[in-house]
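Report on the following structure.
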Amino acid sequence: MRRIWTWSLDLPPDRLWPVLADTNRLNEAMALPSYVLEETAQPNGTVLRRGLGKLAGYTFEWEERPFEWVQGEHFRQDRIFSKGPFGRVGVAFHVEPKEQGSQLTCVIDLEPRWFIGRLIGNAFAYRAAMDLRRRIRQAVDFARGERLTRFDLPPPKLPAGARTRAAALADAIDRSGYGNGLGHRLSDYVLDGMAADLVRLRPKRLARELGVPRRTAVEACLAATRAGLLAMRWEILCPNCRGAKASTSSLSDLPRGAHCSSCNIDYERDFERNVELAFAPAPTIRSLPQGGYCLSGPMTTPHVPVQLLLATGEHRTISIELPAGPYRLRTLHPGACVDIDHEGGAFPGVRVTAAGVEAMEEGDPGRIAFANEAAFEVVALIEDRRWTQDALTAPEVISLQAFRDLFAEATLRPGDEAAVSQVALLFSDLRGSTALYERVGDAAAFNIVRDHFAFLATIVRDHNGAVVKTIGDAVMASFGDPADAVRAALAMQTRIADFNRSHGGDRTDRHLSLKLGVHAGSSVMVSLNDRLDYFGSTVNMAARLQGQSQGGDVVLSEAVACDPAVKPLLVAVPTRRESVGLKGFESPVGFVRILPAA
């Protein structure tokens, strides 16, 4: 039996799609049960997915057929049941633009397995569709800013004393130097938020929902973990589906690779790219159900704009206009893939063979052809190769002062190391610090040097960096972005000038002169002296460049000075290009000196 409904909604298709395709949230809002999938690799490399769940007193077992979708236009999925009143349940949605909004068509197909299925089929489909329409309208109103919450939901079941405990932890978070006043907002989010959002709490997405800067949210999550409201999860994401297939609570326990049963592939740990830090509620505050409410909908892989289920010998052409960018043509099962750097306009077709994917000639703009020439059913897809912007990668975390301060014990296992393709390193040193001790005495000099360490650390944190270590009167700091490192260096020289004016005025015997060098490049992260440290030629170059500083200036490597985000910073300051031979480097090294302010 088939039932069809058509609804008008006050959102255009591009804004309705993220609401409609977020099937995990919608299913949770409809009080559908969570479930887990058993994934079994088949001889041809594909994966059979079987689900198990209970609903309305019935036990259901089913084959979870792959979703199909074309972003912004339609999606559909079938479940083939071996237990329960229905033999097949299919759901499909189609979106079309209509005036200032959209027209949404919902199709529910039911094939009864036995008499009770025929008896309850129409009523079941109608109730499901009406509840779904209500939930979609709530989510649309939320997207339009007309609701404070996405859905009307009953309060979740919490462990005894969870709210009292969470309130005390929220106070502790706010007392922390890194809570940023978000303790109670974060506590409310954990206590009352949807399980779909909490099972893998990503701080960058949380920042958008709370309307705060990213670093503010990341620091608050770290402080909440230290307090006991949240638990930390280091995850190794699959390079295909980008799901978390290996997870540990400790950085030192992170494996070097993992297996993705969904994609049937083994993959290596790429510390910079696919190691992500996420969070979840501490079990004493809120326990979450296993699995999810929809484990394979379009928004579980939002980097995939097109996914099609193709029968053997099937040819199909779809309509979609893909923006310029890097894409990959592949299948869900292992095999050859093709990378495309799309410049806009016509897009290549996708041919699937037993060996994998091949690119066909480009068709008409806005039309993409698919062909399955393999001897079995396949799922072909087009994915955006750019990594998700919501992932909080390991190098980003480790370059934050909050992580260094709150989790100083977090290290890699002995003998382990992690390659980082780019880190910006800043080295500082006080010029003539030995003479300072002689001029003003040990106690006074110590206080001056201590104050200088304090404001340098504050500047590093304010510019999204972390102090890696101090060596005598010198500081080594790391930054994920070279521009942040340069901004921090300029702020340090400005702060030193202010410090000198406020400590002795014209008494130059108390003045500080700061030498600074900045370089960016690849490095290796290791554990040295029970802390995370960097090793390699990038470290050596940054230290050598600091040695070329004369005090009051900033020495930048060519790699830093030529960074697109750094160039605008150099327009407003006096600079001079120089070259010098440095110990350990065969050829003379060019650099840019930012001259002291007049």
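The values are calculated or read from the model by the stated rules, or taken from the named source; none is laboratory data. Because the structure is a prediction, the values reported are computed rather than measured. Using ideal geometry, Cβ is built from the backbone for each residue, glycine included, and neighbour counts are taken over all protein chains shown.
Among the residues of segment 319-330, those identified as in a strand (DSSP E or B) and surrounded by fewer than 16 Cβ atoms within 10 Å (Cβ to Cβ) are Ser319, Gly325, Pro326. Residues satisfying the criterion are absent from segment 243-261 (criterion: closer than 23 Å to Gly181 by Cα, buried (at least 21 other Cβ atoms within 10 Å of the Cβ) and either more than 18 Å from the chain's Cα centre (by Cα) or of a type in the set (Phe, Trp, Tyr) (or both)). Looking at segment 582-592, is at least one residue within 15 Å of Met476 (Cα to Cα), aliphatic (A, V, I, L, M), at pLDDT 95 or above and in contact with a strand residue (DSSP E or B) (Cβ under 9 Å, 6 or more places away or on another chain)? So far as segment 582-592 goes, no, none of its residues is within 15 Å of Met476 (Cα to Cα), aliphatic (A, V, I, L, M), at pLDDT 95 or above and in contact with a strand residue (DSSP E or B) (Cβ under 9 Å, 6 or more places away or on another chain). In the condition set (1) buried (at least 20 other Cβ atoms within 10 Å of the Cβ); (2) β-branched (Val, Ile, Thr); (3) over 25 Å from Glu396 (Cβ atoms), Thr494 is compliant with all but (1).
Looking only at residues in segment 124-181 that are among the polar types (S, T, N, Q) and touching a residue at least 40 places away in the same chain (Cβ under 8 Å), the one that is farthest from Ile285 (Cα to Cα) is Gln138. What about Val475, is it part of a helix (DSSP H, G or I), within 16 Å of Leu516 (Cα to Cα) and either touching a strand residue (DSSP E or B) at 6+ places or on another chain (Cβ under 7 Å) or touching a residue at least 40 places away in the same chain (Cβ under 8 Å) (or both)? For Val475, the condition - part of a helix (DSSP H, G or I), within 16 Å of Leu516 (Cα to Cα) and either touching a strand residue (DSSP E or B) at 6+ places or on another chain (Cβ under 7 Å) or touching a residue at least 40 places away in the same chain (Cβ under 8 Å) (or both) - is not met. Scanning segment 82-113 for residues being of a type in the set (A, V, I, L, M, F, W, C) and closer than 19 Å to Gly53 by Cβ gives a total of 5. Does Arg135 qualify as being in contact with a helix residue (DSSP H, G or I) (Cβ under 8 Å, 6 or more places away or on another chain), closer than 22 Å to Ala223 by Cα, in a helix (DSSP H, G or I) and of a type in the set (Lys, Arg)? The answer is no for Arg135. Being outside the structural domain of Cys263 (by TED's automatic domain parsing) and closer than 23 Å to Asn264 by Cβ is the requirement here; does Arg330 meet it? In short, yes.
Just one of the listed residues (Ala543, Ala565, Ala561) is surrounded by 12 or more Cβ atoms within 10 Å (Cβ to Cβ) and free of Cβ contacts under 8 Å to residues at least 40 places away in the same chain, and it is Ala561. Taking the conditions (1) modelled with pLDDT under 90; (2) of a type in the set (S, T, N, Q); (3) not in a helix (DSSP H, G or I) in turn, Asn447 satisfies each one other than (3). If I ask for residues that are hydroxyl-bearing (Ser, Thr, Tyr), surrounded by 21 or more Cβ atoms within 10 Å (Cβ to Cβ) and not in a helix (DSSP H, G or I), which ones from segment 170-208 would you list? Within segment 170-208, Tyr178 is the sole residue that qualifies.
Is there a residue in segment 574-593 that is in contact (Cβ under 8 Å) with a residue 60 or more places away in the chain and either more than 28 Å from Lys469 (Cβ to Cβ) or out of contact with any Lys or Arg (no Cβ under 6 Å at 6 or more places or on another chain) (or both)? No, because not a single residue in segment 574-593 is in contact (Cβ under 8 Å) with a residue 60 or more places away in the chain and either more than 28 Å from Lys469 (Cβ to Cβ) or out of contact with any Lys or Arg (no Cβ under 6 Å at 6 or more places or on another chain) (or both).
Helices (runs of 4 or more DSSP H) fully within segment 518-596 that include at least 3 residues being at negative phi and over 29 Å from the mean Cα position of the chain (by Cα): 537-548. The single condition among (1) assigned by TED's automatic domain parsing to the domain that holds Arg487; (2) closer than 25 Å to Ala217 by Cβ that Leu430 does not satisfy is (2). Being of a type in the set (Phe, Trp, Tyr), modelled with pLDDT of 95 or more and assigned by TED's automatic domain parsing to the domain that holds Ala31, is that true of even one residue in segment 75-83? Yes.
The residue list Phe446, Phe499 contains one member that is without any contact (Cβ under 8 Å) to a residue 40 or more places away in the chain and not basic (Lys, Arg), which is Phe446.
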